[in-house]
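The values are calculated or read from the model by the stated rules, or taken from the named source; none is laboratory data. Model, not experiment: these values are computed from the prediction. So basically every Cβ, Gly included, is an ideal-geometry build from the backbone, and we count neighbours across all protein chains shown. Surface areas here come from the heavy atoms of the whole protein model, side chains and all, with no ligands, DNA or RNA. Shrake-Rupley method; radii C 1.70, N 1.55, O 1.52, S 1.80 Å.
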Amino acid sequence: MQRILVIDDQSYVRATVVTALRANGFEAVAVESGPAGLGAITESKFDLAIVDVYMPGMDGIKVIKELRSQHSELPIVAMSGVQIGVSEHTALDHLSKVPGLSEVVCLRKPFRPHELLEAVQSALRLAA
């Protein structure tokens, strides 16, 4: 069974993602912050990480960069729903331009369970 680490500061998002993943045969572990996620990944092996971009304290971009520096082959799904200014764009629209983050799969909030699963499968395929 593949293990997925979910890092998001919003409890209802964590619960929704974990429920969808478990219903589809994944083992999911959820934490509420970047530092907690980095701690979890040093204590246990994960096959994929799902990281919220906007979190208080250590934001998701910093978390993803740290995950990549420690586990360069770890597939990552970044998720965000926060729009930049008055545009329809989110930070996800610019993520591929950040050095070292071009292979992060992006998932825009709000999402449906099938969109989450498609993002997970896409990230796992990229890493294969």
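Checking the stated criteria, Phe46 turns out to be modelled with pLDDT of 95 or more, assigned to a loop (DSSP other than H, G, I, E, B) and within 18 Å of Asp8 (Cα to Cα).
Scanning segment 43-52 for residues that are open to solvent by 20 Å² or more (accessible area, probe 1.4 Å) and among the small types (Gly, Ala, Ser) yields one hit, Ser44. Pairs linking a residue in segment 99-128 that is farther than 21 Å from Ile61 by Cβ to a residue that is surrounded by fewer than 18 Cβ atoms within 10 Å (Cβ to Cβ), with Cβ atoms under 6 Å and 6 or more positions apart or on different chains, are Leu117/Asn24.
Of all residues in segment 3-42, exactly one satisfies the criterion of being open to solvent by 80 Å² or more (accessible area, probe 1.4 Å) and under 17 Å from Glu73 (Cα atoms), namely Thr42.
Contact annotation: residue pairs with Cβ atoms under 9 Å, 6 or more positions apart or on different chains, pairing a residue in segment 53-66 that is under 12 Å from Leu101 (Cβ atoms) with a partner that is open to solvent by 20 Å² or more (accessible area, probe 1.4 Å) and among the charged types (D, E, K, R), are Val53/Asp59. Among the residues of segment 49-93, the one identified as at pLDDT 90 or above, touching a Phe, Trp or Tyr at 6+ places or on another chain (Cβ under 8 Å) and over 20 Å from Gln2 (Cα atoms) is Gly60. Looking across segment 109-128, just one residue is surrounded by 15 or more Cβ atoms within 10 Å (Cβ to Cβ) and modelled with pLDDT under 90, and that is Lys109.
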